[in-house]
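Shown next, in C-alpha coordinates, is the structure this report addresses.
The values are calculated or read from the model by the stated rules, or taken from the named source; none is laboratory data. From a predicted model like this one, the values you see are computed outputs, not experimental measurements. Here Cβ is always computed from backbone atoms with ideal geometry, including for glycine, and neighbour counts include all displayed protein chains. Only protein heavy atoms, including side chains, enter the accessible area calculation; ligands, DNA and RNA are left aside. Shrake-Rupley method; radii C 1.70, N 1.55, O 1.52, S 1.80 Å.
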Amino acid sequence: MEKVRTAVVGCGMISNIYIKNLKNLFSIIELAAVGDINRAAAEEKARTYGIERVMTIDEIAASPDIELVINLTPAFVHYSVIRRMLEAGKHVWTEKVMTVTVEEARDLCALADKKGLCLGAAPDTVLGAGLQTARRALDTDMIGTVTSGLAVIDRDQCLNSEVFTFLKGSGGTLPYDVGIYYIGALLSLLGPVQSVKAFGAPAPVHEPRFLFHGADQKPWQIPGSNVISASLRFQCGALASVLFDGNTVNVSQHALTLFGTRGVLRIGDPDTFGGVNTLLYPDQAPCVLPFTHGYDGRNTVEPTPYDHYGHRGVGAAEMAYAIRQGRPNRCGKEYGLHCLEVLEGMERSAATGETVELNTRFTMAPLAPGYYSSFLGGMRADAEGSLVNG
Ligand SMILES: NC(=O)c1ccc[n+]([C@@H]2O[C@H](COP(=O)([O-])OP(=O)(O)OC[C@H]3O[C@@H](n4cnc5c(N)ncnc54)[C@H](O)[C@@H]3O)[C@@H](O)[C@H]2O)c1
(Lines give C-alpha, C1' and ligand atoms only; values in the text may rest on other atoms or scores of the structure.)
Protein backbone atom coordinates (compact mmCIF):
# COMPACT_ATOMS: atom_id res chain seq x y z
CA MET A 1 0.00 0.00 0.00
CA GLU A 2 1.31 3.46 -0.89
CA LYS A 3 2.24 5.46 2.19
CA VAL A 4 0.08 8.46 3.10
CA ARG A 5 2.21 11.61 3.12
CA THR A 6 1.38 13.42 6.32
CA ALA A 7 2.03 16.75 8.05
CA VAL A 8 1.58 17.47 11.76
CA VAL A 9 0.16 20.92 12.57
CA GLY A 10 0.69 22.03 16.18
CA CYS A 11 4.03 21.10 17.74
CA GLY A 12 3.30 21.34 21.46
CA MET A 13 3.33 18.77 24.24
CA ILE A 14 1.22 16.00 22.72
CA SER A 15 3.05 16.19 19.39
CA ASN A 16 6.01 14.40 21.04
CA ILE A 17 4.23 11.08 21.38
CA TYR A 18 2.35 11.50 18.09
CA ILE A 19 5.53 12.15 16.12
CA LYS A 20 7.38 9.30 17.82
CA ASN A 21 4.54 6.84 17.12
CA LEU A 22 3.88 8.07 13.56
CA LYS A 23 7.55 7.62 12.74
CA ASN A 24 8.05 4.25 14.43
CA LEU A 25 4.81 2.28 14.60
CA PHE A 26 2.70 2.88 11.52
CA SER A 27 4.22 1.90 8.20
CA ILE A 28 1.24 3.41 6.30
CA ILE A 29 2.32 6.95 7.36
CA GLU A 30 5.16 8.96 5.91
CA LEU A 31 5.66 11.93 8.22
CA ALA A 32 6.87 14.49 5.71
CA ALA A 33 6.55 17.82 7.52
CA VAL A 34 5.69 19.66 10.71
CA GLY A 35 4.23 23.14 11.14
CA ASP A 36 3.23 25.47 13.94
CA ILE A 37 2.12 29.08 14.22
CA ASN A 38 5.25 29.35 16.35
CA ARG A 39 7.96 28.32 13.86
CA ALA A 40 10.54 27.74 16.60
CA ALA A 41 8.31 25.02 18.12
CA ALA A 42 8.11 23.22 14.77
CA GLU A 43 11.86 23.58 14.21
CA GLU A 44 12.56 22.07 17.61
CA LYS A 45 10.38 18.98 16.88
CA ALA A 46 11.92 18.58 13.42
CA ARG A 47 15.39 18.62 14.98
CA THR A 48 14.50 16.28 17.84
CA TYR A 49 12.71 13.67 15.73
CA GLY A 50 14.56 14.03 12.43
CA ILE A 51 11.77 15.37 10.24
CA GLU A 52 12.83 16.73 6.88
CA ARG A 53 10.62 19.78 6.42
CA VAL A 54 9.32 22.63 8.60
CA MET A 55 6.50 24.40 6.80
CA THR A 56 4.16 27.28 7.49
CA ILE A 57 0.45 26.50 7.71
CA ASP A 58 0.00 28.16 4.29
CA GLU A 59 2.75 26.01 2.78
CA ILE A 60 1.19 22.81 4.15
CA ALA A 61 -2.22 23.80 2.73
CA ALA A 62 -0.67 24.60 -0.66
CA SER A 63 1.61 21.55 -0.82
CA PRO A 64 0.25 19.06 -3.40
CA ASP A 65 2.14 16.09 -1.93
CA ILE A 66 0.67 16.34 1.61
CA GLU A 67 -2.49 14.19 1.71
CA LEU A 68 -3.20 14.03 5.45
CA VAL A 69 -2.93 16.71 8.13
CA ILE A 70 -2.83 15.75 11.80
CA ASN A 71 -4.15 18.66 13.84
CA LEU A 72 -2.61 18.94 17.32
CA THR A 73 -3.52 22.54 18.10
CA PRO A 74 -5.63 23.64 21.12
CA ALA A 75 -9.37 22.89 20.89
CA PHE A 76 -10.44 26.50 20.37
CA VAL A 77 -8.44 26.78 17.13
CA HIS A 78 -9.47 23.37 15.74
CA TYR A 79 -12.30 24.74 13.60
CA SER A 80 -10.15 27.22 11.69
CA VAL A 81 -7.25 24.80 11.15
CA ILE A 82 -9.49 21.89 10.05
CA ARG A 83 -11.58 24.08 7.74
CA ARG A 84 -8.47 25.51 6.13
CA MET A 85 -7.02 22.06 5.46
CA LEU A 86 -10.28 20.53 4.18
CA GLU A 87 -10.70 23.49 1.83
CA ALA A 88 -7.17 22.79 0.59
CA GLY A 89 -8.20 19.17 -0.20
CA LYS A 90 -6.42 17.45 2.72
CA HIS A 91 -7.77 14.59 4.80
CA VAL A 92 -7.70 15.66 8.47
CA TRP A 93 -7.22 13.79 11.74
CA THR A 94 -7.78 16.00 14.79
CA GLU A 95 -7.09 15.73 18.49
CA LYS A 96 -10.12 16.10 20.74
CA VAL A 97 -12.53 17.80 20.83
CA MET A 98 -13.25 18.08 17.10
CA THR A 99 -14.36 21.69 17.67
CA VAL A 100 -15.83 23.51 20.65
CA THR A 101 -19.40 23.67 19.27
CA VAL A 102 -21.67 21.18 17.51
CA GLU A 103 -22.53 23.84 14.93
CA GLU A 104 -18.88 24.15 13.88
CA ALA A 105 -18.42 20.38 13.82
CA ARG A 106 -21.51 19.92 11.62
CA ASP A 107 -20.11 22.50 9.23
CA LEU A 108 -16.80 20.61 8.99
CA CYS A 109 -18.56 17.25 8.49
CA ALA A 110 -20.61 18.74 5.64
CA LEU A 111 -17.46 20.21 4.07
CA ALA A 112 -15.60 16.87 4.31
CA ASP A 113 -18.58 15.11 2.66
CA LYS A 114 -18.77 17.72 -0.08
CA LYS A 115 -15.06 17.38 -0.84
CA GLY A 116 -15.01 13.56 -0.47
CA LEU A 117 -12.36 13.78 2.27
CA CYS A 118 -11.80 11.77 5.43
CA LEU A 119 -12.13 13.57 8.75
CA GLY A 120 -11.34 11.70 11.95
CA ALA A 121 -11.29 12.69 15.61
CA ALA A 122 -9.78 11.59 18.91
CA PRO A 123 -10.18 10.08 21.43
CA ASP A 124 -8.46 7.13 19.74
CA THR A 125 -7.92 5.41 23.09
CA VAL A 126 -11.12 3.55 22.07
CA LEU A 127 -8.91 1.62 19.60
CA GLY A 128 -6.49 0.62 22.38
CA ALA A 129 -6.18 -2.88 23.86
CA GLY A 130 -8.16 -1.97 27.00
CA LEU A 131 -11.33 -0.69 25.35
CA GLN A 132 -11.19 -3.12 22.39
CA THR A 133 -10.99 -6.00 24.90
CA ALA A 134 -13.98 -4.54 26.77
CA ARG A 135 -15.84 -4.29 23.46
CA ARG A 136 -15.03 -7.92 22.70
CA ALA A 137 -16.35 -8.95 26.12
CA LEU A 138 -19.67 -7.27 25.28
CA ASP A 139 -19.80 -8.55 21.70
CA THR A 140 -19.21 -12.12 22.89
CA ASP A 141 -22.01 -11.75 25.46
CA MET A 142 -19.84 -12.08 28.58
CA ILE A 143 -22.13 -9.87 30.70
CA GLY A 144 -25.44 -10.34 28.84
CA THR A 145 -27.44 -7.25 27.89
CA VAL A 146 -26.02 -4.01 29.31
CA THR A 147 -28.68 -2.37 31.45
CA SER A 148 -26.66 0.54 32.86
CA GLY A 149 -23.26 2.15 33.26
CA LEU A 150 -21.29 4.50 35.50
CA ALA A 151 -18.56 6.97 34.50
CA VAL A 152 -16.68 9.16 37.00
CA ILE A 153 -13.57 11.37 36.81
CA ASP A 154 -12.21 14.11 39.09
CA ARG A 155 -9.49 16.72 38.61
CA ASP A 156 -8.41 20.18 39.77
CA GLN A 157 -8.92 21.58 36.29
CA CYS A 158 -8.22 25.18 37.36
CA LEU A 159 -4.85 24.27 38.83
CA ASN A 160 -4.11 22.17 35.75
CA SER A 161 -4.88 25.14 33.51
CA GLU A 162 -1.85 26.90 35.03
CA VAL A 163 0.34 24.24 33.42
CA PHE A 164 -1.70 23.40 30.29
CA THR A 165 -2.58 27.02 29.52
CA PHE A 166 -4.87 26.16 26.56
CA LEU A 167 -7.33 24.87 29.19
CA LYS A 168 -8.10 28.47 30.16
CA GLY A 169 -10.15 28.87 26.94
CA SER A 170 -13.23 27.24 25.36
CA GLY A 171 -13.07 23.46 25.53
CA GLY A 172 -10.96 23.63 28.71
CA THR A 173 -13.52 22.36 31.25
CA LEU A 174 -13.07 18.87 32.66
CA PRO A 175 -16.04 17.42 30.69
CA TYR A 176 -14.60 18.63 27.34
CA ASP A 177 -10.93 18.02 28.14
CA VAL A 178 -11.05 14.67 29.98
CA GLY A 179 -14.72 13.66 30.24
CA ILE A 180 -14.63 13.11 26.48
CA TYR A 181 -12.47 9.98 27.04
CA TYR A 182 -15.30 8.53 29.15
CA ILE A 183 -17.97 9.61 26.66
CA GLY A 184 -15.92 8.21 23.76
CA ALA A 185 -15.47 4.92 25.65
CA LEU A 186 -19.18 4.60 26.43
CA LEU A 187 -20.05 5.38 22.79
CA SER A 188 -17.57 2.82 21.47
CA LEU A 189 -19.11 0.18 23.75
CA LEU A 190 -22.82 1.05 23.72
CA GLY A 191 -23.37 3.04 20.51
CA PRO A 192 -25.19 6.37 20.13
CA VAL A 193 -26.95 8.28 22.93
CA GLN A 194 -30.66 9.05 22.54
CA SER A 195 -31.15 11.67 25.27
CA VAL A 196 -29.32 13.57 28.00
CA LYS A 197 -30.40 15.17 31.28
CA ALA A 198 -27.84 17.04 33.40
CA PHE A 199 -27.00 19.46 36.19
CA GLY A 200 -23.85 21.58 36.03
CA ALA A 201 -21.71 24.01 38.00
CA PRO A 202 -19.14 26.53 36.69
CA ALA A 203 -15.44 26.62 37.47
CA PRO A 204 -14.53 29.19 40.15
CA VAL A 205 -12.54 32.29 39.27
CA HIS A 206 -9.02 30.93 39.68
CA GLU A 207 -6.29 32.79 41.55
CA PRO A 208 -2.94 31.49 40.22
CA ARG A 209 -1.09 29.41 42.82
CA PHE A 210 2.16 28.45 41.09
CA LEU A 211 4.44 31.42 41.74
CA PHE A 212 7.05 30.05 39.34
CA HIS A 213 4.77 31.03 36.45
CA GLY A 214 5.09 34.68 37.51
CA ALA A 215 3.30 36.31 40.44
CA ASP A 216 1.72 39.00 38.25
CA GLN A 217 -0.81 36.73 36.46
CA LYS A 218 -4.45 37.90 36.58
CA PRO A 219 -7.18 35.48 37.81
CA TRP A 220 -9.24 33.64 35.14
CA GLN A 221 -12.37 31.51 34.88
CA ILE A 222 -12.55 28.50 32.53
CA PRO A 223 -15.77 29.02 30.52
CA GLY A 224 -18.55 26.41 30.78
CA SER A 225 -19.63 23.78 33.34
CA ASN A 226 -16.64 22.31 35.15
CA VAL A 227 -18.82 19.93 37.15
CA ILE A 228 -21.45 17.86 35.36
CA SER A 229 -23.78 15.29 36.83
CA ALA A 230 -25.74 13.67 34.01
CA SER A 231 -27.95 10.78 32.98
CA LEU A 232 -27.63 9.35 29.49
CA ARG A 233 -30.15 7.12 27.75
CA PHE A 234 -28.50 5.13 24.97
CA GLN A 235 -30.33 4.06 21.84
CA CYS A 236 -29.65 0.43 22.82
CA GLY A 237 -31.76 0.98 25.96
CA ALA A 238 -28.92 1.19 28.53
CA LEU A 239 -28.89 4.08 31.03
CA ALA A 240 -25.67 5.65 32.32
CA SER A 241 -24.80 7.96 35.22
CA VAL A 242 -21.95 10.36 34.55
CA LEU A 243 -20.07 12.53 37.06
CA PHE A 244 -17.25 14.79 35.87
CA ASP A 245 -15.92 17.03 38.69
CA GLY A 246 -13.21 19.50 37.68
CA ASN A 247 -13.60 21.59 40.86
CA THR A 248 -11.95 19.07 43.19
CA VAL A 249 -8.41 17.65 43.46
CA ASN A 250 -6.16 15.58 41.18
CA VAL A 251 -6.56 12.15 42.74
CA SER A 252 -8.14 10.47 39.67
CA GLN A 253 -10.83 8.39 41.33
CA HIS A 254 -11.97 7.26 37.95
CA ALA A 255 -14.72 4.71 37.45
CA LEU A 256 -16.08 3.16 34.29
CA THR A 257 -18.39 0.23 34.93
CA LEU A 258 -21.03 -1.53 32.85
CA PHE A 259 -23.77 -3.55 34.52
CA GLY A 260 -25.33 -6.39 32.52
CA THR A 261 -28.07 -8.99 32.93
CA ARG A 262 -25.46 -11.72 33.60
CA GLY A 263 -22.37 -9.93 34.88
CA VAL A 264 -20.54 -6.66 35.53
CA LEU A 265 -17.52 -5.30 33.65
CA ARG A 266 -15.19 -2.91 35.45
CA ILE A 267 -13.26 -1.09 32.73
CA GLY A 268 -9.79 0.44 33.09
CA ASP A 269 -8.88 4.12 32.66
CA PRO A 270 -10.24 5.18 29.23
CA ASP A 271 -7.67 8.00 29.08
CA THR A 272 -5.08 5.26 28.49
CA PHE A 273 -4.66 2.51 25.90
CA GLY A 274 -4.07 -0.33 28.34
CA GLY A 275 -6.80 0.02 30.99
CA VAL A 276 -7.33 -3.31 32.76
CA ASN A 277 -10.81 -4.85 32.54
CA THR A 278 -12.22 -6.96 35.35
CA LEU A 279 -15.17 -9.32 34.96
CA LEU A 280 -17.46 -9.84 37.94
CA TYR A 281 -19.89 -12.74 38.29
CA PRO A 282 -21.91 -13.62 41.42
CA ASP A 283 -20.05 -15.71 44.01
CA GLN A 284 -16.82 -15.85 42.01
CA ALA A 285 -13.47 -14.12 42.39
CA PRO A 286 -13.05 -11.06 40.11
CA CYS A 287 -11.37 -12.06 36.85
CA VAL A 288 -8.92 -9.80 34.99
CA LEU A 289 -9.39 -10.22 31.25
CA PRO A 290 -6.23 -10.63 29.18
CA PHE A 291 -6.01 -8.24 26.24
CA THR A 292 -7.47 -9.63 23.03
CA HIS A 293 -6.03 -6.74 20.97
CA GLY A 294 -2.84 -4.80 20.34
CA TYR A 295 -2.03 -1.17 21.17
CA ASP A 296 -1.86 -1.59 24.94
CA GLY A 297 0.03 1.69 25.37
CA ARG A 298 3.37 0.09 26.30
CA ASN A 299 6.40 1.51 24.58
CA THR A 300 8.33 -0.90 22.35
CA VAL A 301 10.94 1.52 21.01
CA GLU A 302 13.53 3.83 22.62
CA PRO A 303 12.07 5.29 25.88
CA THR A 304 11.13 9.00 26.10
CA PRO A 305 9.47 11.06 28.88
CA TYR A 306 6.21 11.07 26.86
CA ASP A 307 5.66 7.30 26.70
CA HIS A 308 2.84 7.35 29.29
CA TYR A 309 0.69 8.94 26.55
CA GLY A 310 0.67 5.49 24.96
CA HIS A 311 -0.32 4.69 21.41
CA ARG A 312 -1.78 8.07 20.44
CA GLY A 313 -1.86 8.27 16.65
CA VAL A 314 -3.45 4.85 16.17
CA GLY A 315 -6.70 6.53 15.07
CA ALA A 316 -4.84 8.56 12.44
CA ALA A 317 -3.04 5.44 11.19
CA GLU A 318 -6.31 3.47 11.00
CA MET A 319 -7.71 6.40 9.02
CA ALA A 320 -4.72 6.33 6.66
CA TYR A 321 -5.48 2.67 5.88
CA ALA A 322 -9.17 3.58 5.40
CA ILE A 323 -8.16 6.30 2.90
CA ARG A 324 -6.13 3.81 0.85
CA GLN A 325 -8.87 1.18 1.06
CA GLY A 326 -11.76 3.56 0.28
CA ARG A 327 -13.68 2.59 3.43
CA PRO A 328 -14.95 4.57 6.44
CA ASN A 329 -12.51 5.05 9.32
CA ARG A 330 -13.44 3.90 12.82
CA CYS A 331 -12.92 7.14 14.79
CA GLY A 332 -14.76 8.96 12.02
CA LYS A 333 -16.30 12.39 11.85
CA GLU A 334 -19.72 11.09 12.91
CA TYR A 335 -18.17 9.66 16.10
CA GLY A 336 -16.35 12.96 16.78
CA LEU A 337 -19.55 14.91 16.16
CA HIS A 338 -21.61 12.63 18.42
CA CYS A 339 -19.05 12.93 21.27
CA LEU A 340 -19.45 16.68 21.00
CA GLU A 341 -23.25 16.51 20.78
CA VAL A 342 -23.31 14.54 24.06
CA LEU A 343 -21.04 17.12 25.77
CA GLU A 344 -23.02 20.06 24.42
CA GLY A 345 -26.28 18.25 25.27
CA MET A 346 -25.15 18.06 28.90
CA GLU A 347 -24.34 21.78 28.90
CA ARG A 348 -27.71 22.64 27.34
CA SER A 349 -29.66 20.43 29.72
CA ALA A 350 -27.80 21.90 32.71
CA ALA A 351 -28.61 25.43 31.50
CA THR A 352 -32.29 24.86 30.62
CA GLY A 353 -33.32 22.02 32.95
CA GLU A 354 -34.72 20.17 29.93
CA THR A 355 -34.01 16.70 28.62
CA VAL A 356 -32.03 17.12 25.39
CA GLU A 357 -32.70 14.74 22.50
CA LEU A 358 -29.65 14.05 20.31
CA ASN A 359 -29.90 13.95 16.53
CA THR A 360 -26.57 12.64 15.26
CA ARG A 361 -25.67 8.95 14.92
CA PHE A 362 -22.50 6.95 14.23
CA THR A 363 -21.26 3.37 13.98
CA MET A 364 -17.84 1.99 14.97
CA ALA A 365 -16.80 -1.51 13.94
CA PRO A 366 -14.50 -3.28 16.43
CA LEU A 367 -10.92 -4.04 15.43
CA ALA A 368 -10.08 -7.66 14.65
CA PRO A 369 -8.82 -9.54 17.76
CA GLY A 370 -5.75 -11.74 18.00
CA TYR A 371 -3.04 -9.12 17.47
CA TYR A 372 -0.45 -7.99 20.00
CA SER A 373 1.64 -4.89 20.67
CA SER A 374 4.71 -6.78 21.78
CA PHE A 375 6.15 -10.30 21.92
CA LEU A 376 9.24 -12.10 23.20
CA GLY A 377 9.40 -9.84 26.27
CA GLY A 378 8.88 -6.42 24.69
CA MET A 379 9.70 -6.53 20.97
CA ARG A 380 7.31 -4.78 18.59
CA ALA A 381 4.66 -7.24 17.37
CA ASP A 382 1.90 -7.37 14.75
CA ALA A 383 -0.73 -4.93 16.12
CA GLU A 384 -0.65 -2.85 12.93
CA GLY A 385 -2.28 -5.80 11.13
CA SER A 386 -5.49 -5.10 13.07
CA LEU A 387 -5.78 -1.63 11.48
CA VAL A 388 -5.73 -2.84 7.91
CA ASN A 389 -9.21 -4.28 7.55
CA GLY A 390 -12.51 -2.47 7.75
N1 LIG B 1 -1.53 17.77 26.78
C2 LIG B 1 -2.15 16.61 26.91
O3 LIG B 1 -2.00 15.87 27.91
C4 LIG B 1 -3.06 16.14 25.81
C5 LIG B 1 -3.41 14.81 25.78
C6 LIG B 1 -4.22 14.37 24.77
C7 LIG B 1 -4.70 15.26 23.84
N8 LIG B 1 -4.37 16.56 23.89
C9 LIG B 1 -4.93 17.45 22.86
O10 LIG B 1 -3.90 17.79 21.92
C11 LIG B 1 -4.06 19.14 21.48
C12 LIG B 1 -2.80 19.91 21.77
O13 LIG B 1 -2.46 19.77 23.12
P14 LIG B 1 -0.99 20.14 23.65
O15 LIG B 1 -0.95 19.73 25.07
O16 LIG B 1 0.04 19.64 22.72
O17 LIG B 1 -1.05 21.74 23.56
P18 LIG B 1 0.19 22.76 23.49
O19 LIG B 1 -0.35 24.08 23.91
O20 LIG B 1 1.37 22.20 24.18
O21 LIG B 1 0.54 22.81 21.91
C22 LIG B 1 -0.29 23.35 20.96
C23 LIG B 1 0.55 23.88 19.82
O24 LIG B 1 -0.33 24.37 18.80
C25 LIG B 1 0.24 25.58 18.27
N26 LIG B 1 -0.81 26.37 17.65
C27 LIG B 1 -1.75 27.14 18.26
N28 LIG B 1 -2.55 27.72 17.35
C29 LIG B 1 -2.12 27.30 16.14
C30 LIG B 1 -2.55 27.57 14.81
N31 LIG B 1 -3.59 28.35 14.55
N32 LIG B 1 -1.87 26.98 13.79
C33 LIG B 1 -0.80 26.18 14.04
N34 LIG B 1 -0.35 25.91 15.29
C35 LIG B 1 -1.01 26.45 16.32
C36 LIG B 1 0.91 26.24 19.46
O37 LIG B 1 1.89 27.17 19.06
C38 LIG B 1 1.47 25.04 20.20
O39 LIG B 1 2.80 24.75 19.81
C40 LIG B 1 -5.31 19.68 22.18
O41 LIG B 1 -6.42 19.49 21.35
C42 LIG B 1 -5.45 18.78 23.40
O43 LIG B 1 -6.80 18.64 23.83
C44 LIG B 1 -3.52 17.02 24.83
Pairwise centroid distance, computed over Cα atoms, of the range 212-254 with the range 70-116, Å: 24
Residue-averaged [θ]222 nm for the chain, counting only DSSP H segments that reach four residues, each worth -39500 (n - 2.57): -8500 deg cm²/dmol
In Å, descending, principal axis extents of the Cα set of the range 95-162: 41, 40, 23
Antiparallel bridge percentage (DSSP; both residues within the chain; nearest 5): 60
Whole-number D in µm² s⁻¹ for the chain, Kirkwood Cα-pair radius fed into Stokes-Einstein, 37 °C, 0.692 mPa s: 154
Per-residue HN-Hα couplings for the range 153-166 [Karplus 6.51, -1.76, 1.60; θ = phi - 60°; Hz; x = Gly/Pro]: 8, 10, 7, 9, 5, 5, 4, 4, 6, 6, 8, 9, 5, 5
Largest to smallest accessible area among Trp93, Trp220 [probe 1.4 Å]: Trp220, Trp93
The chain, accessible area per residue, ligands and nucleic acids excluded (1.4 Å, Å²): 41
Counted charge near Ala75, where neighbours are those whose Cβ lies closer than 14 Å (Asp, Glu -1; Lys, Arg +1): -2
Portion, in percent, of the accessible area of the chain that falls on carbon or sulfur, probe 1.4 Å: 54
Calculated FRET efficiency for the pair Asp141/Arg83, C-beta based, R₀ 56 Å, to 0.05: 0.85
Length-normalised contact order for the chain - Cα pairs under 8 Å, 6+ apart - percent: 19
Those residues of the range 231-250 whose amide nitrogen sits under 17 Å from the label point placed on Val264, 7 Å along Cα→Cβ: 239-243
The chain: most fluctuating residue of Asp36, Asp296, Asp245 per GNM, C-alpha cutoff 10 Å: Asp36
Phi to ³J(HN,Hα) by Karplus 6.51 cos²θ - 1.76 cosθ + 1.60 over the range 109-114, Hz, x for Gly, Pro: 5, 5, 5, 4, 4, 4
Karplus-derived 3J(HN,Hα), 6.51/-1.76/1.60, for each residue of the range 137-146, Hz, glycine and proline x: 4, 6, 5, 9, 6, 6, 10, x, 7, 6
Spherically averaged projected area of the range 1-151 from its Cα convex hull (nm²): 11.1
